[in-house]
Amino acid sequence: IFFRHMASDHTQTPLQTLQDAPPEAKHGTLVRSDWANPVVSSHYDTKARHTFTDISANEYTDQAETLREKVALLASLLRRADNTIAYTGAGISTAAGIDCFATHAKEAPAGEPEIKDWKQARPTTSHYAMAALHRAGLLKHWVQQNHDSLPQKAGYPQYALNEIHGSLHDPSNPIVPYEGTLRDDLYQWMMEWQHKADLCLAMGTSLSGFNADSVPATAARKCRKGQGLGLVLINLQRTPYDEMSALRIYAKVDVVMEMLMAELGLEGTLQSDPSQCRVAVPTSAVVGDDLFRLPFSPSSGCYDATQAVTWDLRAGAHVKLLGGPYEGDVGTVVARDEEGHYRIRFADSVNPELNMMRRPFSLWLGGWWVGTLAEGRTVCPGAPLPFLNVTPEEFDGVREAKQRQVRSAIDAGKYARMLKAGVPREAVEARMKADGVTVALPPDSPGAE
């Protein structure tokens, strides 16, 4: 159980500040001697996470004048950098009502319930600000740990976004579980930008030890070697990289980004409605309702300006995934929702480790994908389309093959058990032949007669 000391108590007791830490942990290596200590805004008798870190869940806030000076310095760093990369965690989306594992404070707007279906979430000020920074040429790339698709809904382009931990709106890049494996091409793309970036803006992340944390860590280490401008870290809680950051800001991400927009003179470019941010589909790419012509190979799904493939997203159309953990699975388009996102249902997916059918599930294709693909851009450079259409005959053929795969696994177990029970191999093979089964039997144990 943890106990929170409410902010209202600060009127009755002296301000508690972050004191037991070196100046760099409070402000970054660009610390100024007159900057005030961050104030303890929320106190908890627990850790930020149950795993990965021993850091306290306490939250801190920079004092007003220090925060203004830090935001001004951040604006200066952004103007000086050539290749700024953003790295964001769950903290950037808590104001949208999406829960954050590391924080115990809820930032959803007053009266707004916590979002249960993340697909219904709306972008925060920070998401719109990131899109504005990209349009202004001040943010070149974004590594997004979240799955919520709020960057795209805010108008940030898919082609400059690496959803390294998966997405709710890309069937070829579904959510990666904690024990899962990152897509090789997305990981390689992240490494390329990790090397290229001269400034990293890390926001709303506890930096608790995921592989992708190498992005901000590398920016900090490069700066120590005189390469680049380093790491700017915006988070309410402490992180393992505070002392390595060039600039450490303790504040809510939305507060910082709103101040930053004003400091950069970009507040007039800030959008506030996802309907204003939809990616337009060129008329040349429209064949009919939910029917599109895209510059990709009809056979491989790879970009090819000399060819074109027709993408059928009408209800009832069949598709075959070209990437991700469900590569090769076939599904059926169910419908397009009012926001332009397509639901695709998969009913014959096989878990390759267990050789068992998964329960039927749905994946979604974001409405921005058609316009993005019409420009020849995919989930990352060199990647194919998320899927290609298949004929009803091809669809049925894949489904039948999947079902045979599972039946074969079941049959293999049956005949292996017969061997284990002492039935002679010749008798088991004869039984298999009579049953029309062609699976491979396990080899005889050493010393077996």
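The values are calculated or read from the model by the stated rules, or taken from the named source; none is laboratory data. All values derive from a computational prediction rather than experimental measurement. Every residue, glycine among them, receives a Cβ derived from its backbone with ideal geometry; neighbour counts consider all protein chains shown. Surface accessibility is based on the protein's heavy atoms, side chains included, excluding ligands, DNA and RNA. Shrake-Rupley method; radii C 1.70, N 1.55, O 1.52, S 1.80 Å.
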Seminar exercise, completed: Residue hits (the range 215-245; under 16 Å from residue 141 (Cβ atoms) and either open to solvent by 50 Å² or more (accessible area, probe 1.4 Å) or part of a strand (DSSP E or B) (or both)) are 231, 232
Exercise. Only one of these conditions is not met by residue 289: (1) among the charged types (D, E, K, R); (2) at pLDDT 95 or above; (3) touching a helix residue (DSSP H, G or I) at 6+ places or on another chain (Cβ under 9 Å). Which number is it?
Worked result: (3)
Exercise. Which one of these does residue 138 not meet: (1) under 18 Å from the mean Cα position of the chain (by Cα); (2) at pLDDT 95 or above?
Worked result: (1)
Exercise. Taking into account only those residues within the range 390-420 that are among the acidic types (Asp, Glu) and in contact (Cβ under 8 Å) with a residue 24 or more places away in the chain, which is least open to solvent (accessible area, probe 1.4 Å)?
Worked result: 411
Problem set entry | Selection within the range 379-404 - touching a Pro at 6+ places or on another chain (Cβ under 9 Å) and part of a helix (DSSP H, G or I) | none
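For every residue, the table says whether it meets (1) farther than 30 Å from residue 58 by Cβ; (2) touching a Phe, Trp or Tyr at 6+ places or on another chain (Cβ under 8 Å); (3) among the charged types (D, E, K, R); (4) modelled with pLDDT under 95.
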site: 189; (1), (2), (3), (4): yes, no, no, no
site: 208; (1), (2), (3), (4): no, yes, no, yes
site: 217; (1), (2), (3), (4): no, yes, no, no
site: 235; (1), (2), (3), (4): no, yes, no, no
Seminar exercise, completed: Within the range 171-214, the residues that are in a helix (DSSP H, G or I), open to solvent by 10 Å² or more (accessible area, probe 1.4 Å), over 22 Å from residue 75 (Cα atoms) and not aliphatic (A, V, I, L, M) are 184, 185, 187, 188, 189, 192, 195, 211, 214
Exercise. Being small (Gly, Ala, Ser) and surrounded by 12 or more Cβ atoms within 10 Å (Cβ to Cβ), is that true of even one residue in the range 378-389?
Worked result: yes
For this session: Would you check if there is a residue in the range 70-93 being loosely packed, with under 14 Cβ neighbours inside 10 Å and at pLDDT below 90?
Result: no
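Quick one: in the range 263-280, which of the residues that are open to solvent by 50 Å² or more (accessible area, probe 1.4 Å) and part of a loop (DSSP other than H, G, I, E, B) is farthest from residue 390 (Cα to Cα)?
Taking the range 263-280 as the starting set, the residues that turn out to be open to solvent by 50 Å² or more (accessible area, probe 1.4 Å) are 263, 265, 267-273, 275-276, 278-280.
Next cut, part of a loop (DSSP other than H, G, I, E, B) only: 265, 270-273, 278-280.
Details: 265: 50, 270: 42, 271: 39, 272: 39, 273: 36, 278: 28, 279: 26, 280: 26 Å.
Restricting to residues being open to solvent by 50 Å² or more (accessible area, probe 1.4 Å) and part of a loop (DSSP other than H, G, I, E, B), the top hit is 265.
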Exercise. Within the range 358-389, how many residues are in contact (Cβ under 8 Å) with a residue 24 or more places away in the chain and among the basic types (Lys, Arg)?
Worked result: 1
Problem set entry | Matching residues, the range 291-319, being crowded, with 18+ Cβ neighbours inside 10 Å and in a loop (DSSP other than H, G, I, E, B) | 301, 313, 317
Exercise. Going by the conditions given, is residue 283 modelled with pLDDT of 95 or more, farther than 20 Å from residue 383 by Cβ, among the hydroxyl-bearing types (Ser, Thr, Tyr) and surrounded by fewer than 16 Cβ atoms within 10 Å (Cβ to Cβ)?
Worked result: yes
Exercise. Only one residue in 393, 429, 449 is modelled with pLDDT of 95 or more, at negative phi and out of contact with any Asp or Glu (no Cβ under 9 Å at 6 or more places or on another chain), so which one is that?
Worked result: 393
Problem set entry | Selection count where residues are over 20 Å from residue 248 (Cα atoms), within 33 Å of the chain's Cα centre (by Cα), open to solvent by 60 Å² or more (accessible area, probe 1.4 Å) and at pLDDT 50 or above, scope the range 1-54 | 5
For this session: Check residue 208 against each of (1) within 24 Å of residue 336 (Cα to Cα); (2) touching a Lys or Arg at 6+ places or on another chain (Cβ under 8 Å) and name the one condition it does not meet.
Result: (1)
For this session: For residues that are assigned to a strand (DSSP E or B) and open to solvent by 60 Å² or more (accessible area, probe 1.4 Å), scanning just the range 320-366, find the one that is farthest from residue 280 (Cα to Cα).
Result: 356
For this session: Scan (1) open to solvent by less than 40 Å² (accessible area, probe 1.4 Å); (2) β-branched (Val, Ile, Thr); (3) assigned to a loop (DSSP other than H, G, I, E, B) for the single condition residue 372 breaks and write down its number.
Result: (3)
Exercise. Restricting the range 125-151 to residues that are open to solvent by 10 Å² or more (accessible area, probe 1.4 Å) and touching a residue at least 40 places away in the same chain (Cβ under 8 Å), which is nearest to residue 86 (Cα to Cα)?
Worked result: 140
Exercise. Filter the range 56-69 for residues that are in a helix (DSSP H, G or I) and without any contact (Cβ under 8 Å) to a residue 40 or more places away in the chain; which is least open to solvent (accessible area, probe 1.4 Å)?
Worked result: 66
Problem set entry | Hits in the range 426-445 (condition: exposed (fewer than 15 other Cβ atoms within 10 Å of the Cβ) and either of a type in the set (Gly, Ala, Ser) or in a helix (DSSP H, G or I) (or both)) | 426, 427, 429, 430, 431, 433, 434, 435, 436, 440, 445
